[in-house]
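**Student:** Dumping the structure here so I can ask a few things about it.
Read the figures in this text as sums done on the coordinates, not as results from a lab. Please read these numbers as outputs of a predicted model, since none were measured by experiment. We place every Cβ from the backbone using ideal geometry, glycine too, and count neighbours over all the protein chains shown.
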Amino acid sequence: MTRAEIRSQIRLRQSSIKDFMLCPKLFQYRHLDGIDPKTRSAKTLNGSALHLLMFWLHNGEWEMDVENMYPKAFAHYEYASDESHIPVRFYKSREEDLKAFTAIAVEIVDGYRRRPENAESTMLFQEVKFRVKILGEMYEGTIDGIRQLPDGKIELFDYKSNAIRPNFHTVAADIQLNLYTYAARFGEFKVGDDWIKPRVLPDYSSIYYLPAHKIRKRNSKLGQKGEEMGSSLIRTTKTIEDLRAFRKEVSNILKSMLRPWHYRNNSTACVFCQYTDLCQSQNPVVSNRMASKANELLAELGISN
Ligand code: SF4
């Protein structure tokens, strides 16, 4: 594939950039070869369901009964999304996983509602589609939210529900968050049928880490039983100079994406990758015997794909 062919085949969305950063080979399988992952992880659907609950909360359902609403949000991604044809990989069973996810969602939403700032801020945009040109290339995506805080400051945020809380340095360098901030300042948002230019440089570009609202079940040196796990907001501030530096960085990433050779990252990402069989069976440095042995081991651990 030539550079021009690759460019014509991909959309520059946060998801394709994220996949490339995780592993260029995975990016190739998913975005260039159009191969679906074998399964979807129930944890990924849980993250999407939590996002949907947050959307509902700010759209007339602030008092929602989470036990009732969470399974509906999960079922939406399970049965009514673009990827519904891909089977879901549950950890125990659908029923047990959903029960556990629902219990955690109740803690998260309760904690979210308890934080006064979340109730008192004005949501300016939520789940808003954007497009922005950077050095001649159009990038697209969806921003979780931009809100006006009670003190008048503007905060752009991205909800995260990963197992590991990001730290300040990873948030400051986060490509997605930089892309969203760049789009808020220089790009356009889709509002109804129109594209508008918000021209906003947020005071904060933040990650809202939802699992921080989970409740501790026992005392430890990190906190007492009954307390929340930690602080949910990781705030950064970006200047126009930061955004200019980001412009260069993202176009360098694009140059790598367009190279016709996508290398295997071979990192911890492989443990969760849905292309392991395919990838390792095509890997010239892994013999067939080793590749099938690795897959057997993964299957035994219940993390095969
Ligand atoms: S198995 Fe590993 S190297 Fe291969 S595509 Fe997946 S993440 Fe990349």
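**Student:** If I model a spin label at Ser93 and Ala245 as a point 7 Å from the Cα along the Cα→Cβ vector, what separation in nanometres do I get?
**Tutor:** 5.3
**Student:** Right, here's the next one. Counting other C-beta atoms within 10 Å, and keeping those with at most 15, which DSSP coil trypsin sites (Lys or Arg not before Pro) do you find in the range 138-181? Intermediate results must be reported in sequence, preceding the final value.
**Tutor:** Details: sites: Arg147, Lys153, Lys160; in loops: Lys153.
Counting only loop positions with at most 15 other Cβ atoms within 10 Å, the trypsin sites (Lys or Arg not before Pro) in the range 138-181 are Lys153.
**Student:** Please report how far the C-alpha centroid of the range 61-129 lies from that of the range 236-281, rounded to the nearest whole angstrom.
**Tutor:** 28
**Student:** What FRET efficiency, computed as 1/(1 + (r/R0)^6) with R0 = 35 Å and r the Cβ-Cβ distance, is obtained for Thr142 and Ser220, rounded to the nearest 0.05? Provide the component values of the computation, followed by the final result.
**Tutor:** Details: r = 37 Å, r/R0 = 1.05.
After rounding, the FRET efficiency stands at 0.40.
**Student:** Would you order Glu188, Glu95 from fewest to most other beta-carbon atoms within 10 Å of each residue's own beta-carbon? Before the final figure, lay out the partial values.
**Tutor:** Numbers: Glu188 17, Glu95 9.
So the residues, fewest neighbours to most, are Glu95, Glu188.
**Student:** Scan the chain and hand back the longest stretch that contains none of the chymotrypsin sites (Phe, Trp or Tyr not before Pro) lying in DSSP loops with at most 15 other Cβ atoms within 10 Å. Let's see the in-between values first.
**Tutor:** Working: sites that count: Trp62, Tyr91, Trp261, Tyr263.
Looking at the chain, 92-260 is the longest stretch - no exposed chymotrypsin sites (Phe, Trp or Tyr not before Pro) with at most 15 other Cβ atoms within 10 Å.
**Student:** Report the gain in length on full extension from Ser267 to His76: 0.36 nm times residue separation, minus Cα-Cα distance, nm rounded to one decimal.
**Tutor:** Values: separation 191, 0.36 × 191 = 68.76 nm, distance 3.19 nm.
Difference between extended and current length: 65.6 nm.
**Student:** Per-residue ellipticity at 222 nm for the chain, helices alone: DSSP H runs ≥ 4 residues times -39500 (n - 2.57), over residue total, nearest 500 deg cm²/dmol? Can you show the working numbers first?
**Tutor:** On the way: 13 runs with 135 residues, N = 305.
Result for the chain, helices only: -13000 deg cm²/dmol.
**Student:** What ranking do Leu98, Leu135 get, fewest neighbouring Cβ atoms within 10 angstrom at the top? Don't skip to the answer; put the middle values down first.
**Tutor:** Values: Leu98 21, Leu135 9.
Taking fewest neighbouring Cβ atoms as first place, the list is Leu135, Leu98.
**Student:** Kirkwood Rh over alpha-carbon pairs of the chain, then Stokes-Einstein at 20 °C and 1.002 mPa s: what D in µm² s⁻¹, rounded to an integer? Write down the numbers at each step before the final one.
**Tutor:** On the way: Rh = 21.2 Å.
In µm²/s, the coefficient rounds to 101.
**Student:** Right, something else. If you count the DSSP beta bridges with both ends in the chain, what percent of them are antiparallel, to the nearest 5? List each step's numbers first, then the result.
**Tutor:** Values: 26 of 36 bridges.
Looking only at bridges with both residues in the chain, the antiparallel portion is about 70 percent.
**Student:** Right, another one. For the range 245-255, in order, what is each residue's ³J(HN,Hα) by Karplus, 6.51 cos²θ - 1.76 cosθ + 1.60 with θ = phi - 60°, in whole Hz (x at glycine and Pro)?
**Tutor:** Once rounded to whole Hz, the list reads 5, 4, 3, 5, 4, 5, 6, 5, 4, 4, 4.
**Student:** To make sure I understand, if each residue's beta carbon is the centre and we count other beta carbons within 10 Å, what order do Met257, Met21 fall in, fewest to most?
**Tutor:** On the way: Met257 23, Met21 16.
The most exposed by this proxy come first: Met21, Met257.
**Student:** In nm, what is the difference between 0.36 nm times the number of residues separating Ile10 and Glu63 and their Cα-Cα distance?
**Tutor:** Numbers: separation 53, 0.36 × 53 = 19.08 nm, distance 4.08 nm.
Between Ile10 and Glu63, full extension yields 15.0 nm more.
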